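Here the structure is laid out as C-alpha cells; the discussion comes afterwards.
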Amino acid sequence: MTQSIAVFAEDSLLLEALLEAWQETDSLQAYTPVLISKEGSGNSCLFRNKAIAFHDLAECKQKTFALAMVLAADEEAKQWLQTLDCPVIGSANALADLDYEYFSDQEKGLLAVLQSPSIALQHVLGALECAHASATVLMPASYFGKPAVEELASQTVNLLNAKAVTASVFQQQLSFNVFPFAEKSFSTVLQQEWRKALPVSRSHINVLQAPVFHGMALQLNLELSKAYTLAQLLDQWRANQAIAIADADEDCSVMNAVQLDGAIQLGCVQLDEESSQQLSLWLAFDDVQLFARQGLISAAELLLKHHL
C-alpha cells in the first residue's frame, strides 16, 4: 500500500533535488510525496514522470502521514507540524522557532537534520576528536532559491554588456563581488550543530556570499585533540566513499566539486610544521545534493524503517 509523506516546500532547487533522490531510493518507492505550500494549488512538478500538484495546508489537515519533511514553512504550517504524530524532519533554519532536537537516535517529534556544511565536516572528522574549528564558508546564490540564481545571471550579463545592474534578492550587486552573508543566524546555527551533533566543542565561523550559482566551499582550520600523521588522515579519508581527495591543489574548486556526483571534494591539506594537531584543509561540494541525499533522504530512510 502506498503511503504519504508530507513535504512542506516552495518550488525550488532543493525540492527538485529531493524528488530526484527520492525516485532513486529503493526504500522510498512505497511512499508518495504530498507537496504542501503557502501558495496552495496551481503549481506542480514532475515525480515518477507524472505531474504532482502543490496543496494548500487546509486541504491536508485531515490526512495521515508516515513522515513530514520541511524545506520551507510559514507560521501556520509550523503550528500544525507540532500536532502531528509522525516524525518531522528539516534543517534547523526550516524549523526555526520550534522546539526541535537534532536527529541522531531520536525517532519522534521535531528533528533537525544537519545542514550540508555540517554533513561535510562530519565526514571529514569521522573518528577524529576536534577541540576547535575555525571556518570560512562561501555561500552560493542557490541558497536563496531560483530568483537569486536568476538575479546573479542577469547581473553578470548586464555587466558584461555595460548595462545597469539592479539588486533585489541580495543587498547589493553579487556578480564579481563578495560580501558578508545576509542571514546572521546561519553561522550561529552551524556553531550549534557542530557543538551538539559533532565532536567540536568550540568553533568560529565566518560566512561570505560568493558570486557562484551553486556549490559551497569551506576553508577549515582544525585543532585536533591529539596528534596525527598526514598518512593516518589520508587513510581515513580514502576509506570514506563520500570523500573525493583532489589529486592536486590546483584541482580544488567549487566548479569541479559540483561535478563529483554528490561527493565532498577535499584538498589543500596541511599539517602545521610545529604541531601535528593543527590542520588546515579545503572542502567543496554541491550543497543542494548533499543536503537532499545525505540529510533528508538518509534521515527519512532510518525513521521510516524504525518508526513504522
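Worth a mention:
- Per-residue Cβ neighbour counts within 10 Å put SER203, SER275 in the sequence SER275, SER203, beginning with the fewest.
- Estimated [θ] at 222 nm from DSSP helical runs (n ≥ 4, -39500 (n - 2.57)) normalised by residues in the chain, nearest 500: -8000 deg cm²/dmol
- Formal net charge of residues neighbouring PRO33 (Cβ-Cβ distance under 13 Å; K, R +1; D, E -1): +1
- For the residue pairs LYS50/LYS305; LYS184/LYS305; LYS63/LYS305; LYS196/LYS305; LYS63/LYS184; LYS78/LYS146, the alpha carbons lie more than 32 Å apart in LYS184/LYS305; LYS63/LYS184.
- When you filter the GluC sites (Glu not before Pro) in region 208-308 for DSSP loop state and at most 16 other Cβ atoms inside 10 Å of their Cβ, you are left with GLU273, GLU274.
- Look at HIS214, HIS204, HIS132 and count the other Cβ atoms within 10 Å of each Cβ; fewest to most, that gives HIS204, HIS132, HIS214.
- Rounded Å value of the spacing that divides the Cα centres of region 158-173 and region 32-76: 34
- The simple Förster model, with R0 at 22 Å and r as the Cβ-Cβ distance, assigns GLU101 and HIS55 a FRET efficiency of 0.20.
- The distance between label points at HIS204 and LEU46 comes to 4.9 nm (points 7 Å beyond Cα on the Cα→Cβ vector).
- Paramagnetic reach from SER225 in region 259-289 [backbone N under 11 Å; point 7 Å along Cα→Cβ]: none
- Relative contact order of the chain: 19 percent, from C-alpha pairs under 8 Å at least 6 residues apart in sequence.
- Counting neighbouring beta carbons within 10 Å and listing from fewest to most, the residues ARG293, ARG48, ARG195 come out as ARG48, ARG195, ARG293.
Every number here is computed from the coordinates shown, using simple stated rules; none is lab data. All figures in this text were calculated on a predicted structure; none of them were measured in a lab. With ideal geometry, Cβ positions are generated from the backbone for all residues, glycine too; neighbour counts draw on all protein chains shown.
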